[in-house]
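Quick notes on the structure that follows.
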Amino acid sequence: MDIREILETIPHRYPMLLVDRVLECEPGKRLLALKNVSMNEPFFVGHFPHYPVMPGVLVIEALAQAAAILSFRTTGTKFDDKSVYYFAGIDEARFKRPVVPGDQLLLEVVLERHTRGLWKYSAQARVGDALAAEAKLLSTLRPV
């Protein structure tokens, strides 16, 4: 999926859109996406000016956006103005390596369970072969 398809699938927009491309997608199973981390990101102005690091919470958000794309692809739907995927929980979040400008962040989400409107994902963010972050993500679709 290129950026146009991503923009058609999830509601996020600049500066909060954190997925640049979907490399692989197996609906109902897993998704591999890419985030190119650039020095032009607005959060680097203040985090930290002397040593820019992508905030861990935004790495988790990027994984959540990848999970939302997989959720939409699994159900064969796209976002609308009547509902939104919300975080329902973040478990076992661990940060292993800083993400800095110039990194390509590989976002992998694996669907573990989907029951009664609750989606559970295992998620990892990598830079090359190095694990940057991992977490279990829970999300749910709710009316706006």
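Only residues that are among the hydrophobic types (A, V, I, L, M, F, W, C) and surrounded by 16 or more Cβ atoms within 10 Å (Cβ to Cβ): list them for the stretch 23-33, please. C25, L31, L32, A33 - these are the residues of the stretch 23-33 that are among the hydrophobic types (A, V, I, L, M, F, W, C) and surrounded by 16 or more Cβ atoms within 10 Å (Cβ to Cβ). Within the stretch 72-102, the set of residues being touching a residue at least 24 places away in the same chain (Cβ under 8 Å), over 13 Å from P55 (Cα atoms) and among the β-branched types (V, I, T) comprises T74, V84, I90. Take the stretch 90-105 and flag every residue that is assigned to a strand (DSSP E or B) and crowded, with 19+ Cβ neighbours inside 10 Å. L105, the sole residue that qualifies.
In the stretch 9-22 there is at least one residue matching the filter, namely being in a helix (DSSP H, G or I) and either crowded, with 19+ Cβ neighbours inside 10 Å or at pLDDT 95 or above (or both).
Just one of the listed residues (F79, F43, F87, F72) is over 20 Å from L7 (Cα atoms), in contact with a helix residue (DSSP H, G or I) (Cβ under 9 Å, 6 or more places away or on another chain) and surrounded by 12 or more Cβ atoms within 10 Å (Cβ to Cβ), and it is F43.
Taken over the stretch 27-40, residues that are touching a helix residue (DSSP H, G or I) at 6+ places or on another chain (Cβ under 6 Å) and part of a loop (DSSP other than H, G, I, E, B) amount to 2.
Quick one: would you say L137 is more than 24 Å from E5 (Cα to Cα) and either touching a Ser or Thr at 6+ places or on another chain (Cβ under 9 Å) or surrounded by 19 or more Cβ atoms within 10 Å (Cβ to Cβ) (or both)?
no
With the structure loaded, tell me whether F72 is within 23 Å of L131 (Cβ to Cβ), at pLDDT below 95 and not β-branched (V, I, T) or whether it fails that test. No; evaluated as a whole, the condition is false for this residue.
Kindly indicate the residue of the stretch 106-125 that is of a type in the set (K, R) and not in a loop (DSSP other than H, G, I, E, B) and also nearest to R4 (Cα to Cα) among those meeting that condition.
Here is the first cut: in the stretch 106-125, the residues of a type in the set (K, R) are 113, 116, 120.
Subsequent filtering for residues that are not in a loop (DSSP other than H, G, I, E, B) retains 113, 120.
On the way: R113: 28, K120: 26 Å.
The selected residue is K120.
Yes or no: I60 at pLDDT 95 or above, within 18 Å of H12 (Cβ to Cβ) and within 12 Å of the chain's Cα centre (by Cα)? Don't jump to the end; show me each part of the working.
Numbers: at pLDDT 95 or above: yes; within 18 Å of H12 (Cβ to Cβ): yes; within 12 Å of the chain's Cα centre (by Cα): yes.
It is true that I60 is at pLDDT 95 or above, within 18 Å of H12 (Cβ to Cβ) and within 12 Å of the chain's Cα centre (by Cα).
Taken together, the residues in the stretch 96-130 that are over 15 Å from the mean Cα position of the chain (by Cα) and not small (G, A, S) amount to 13. Show the residue pairs that are 6+ apart or on different chains and have beta-carbon atoms under 9 Å apart, the first residue being within the stretch 104-120 and of a type in the set (G, A, S), the second being at pLDDT below 95. Filtered contacts from the stretch 104-120: G117/T140; G117/L141; G117/R142.
The values are calculated or read from the model by the stated rules, or taken from the named source; none is laboratory data. Worth saying up front: this structure is predicted, and the values here are computed from it rather than measured. Glycine gets a Cβ as well: all are built from the backbone with ideal geometry, and neighbour counts include every protein chain shown.
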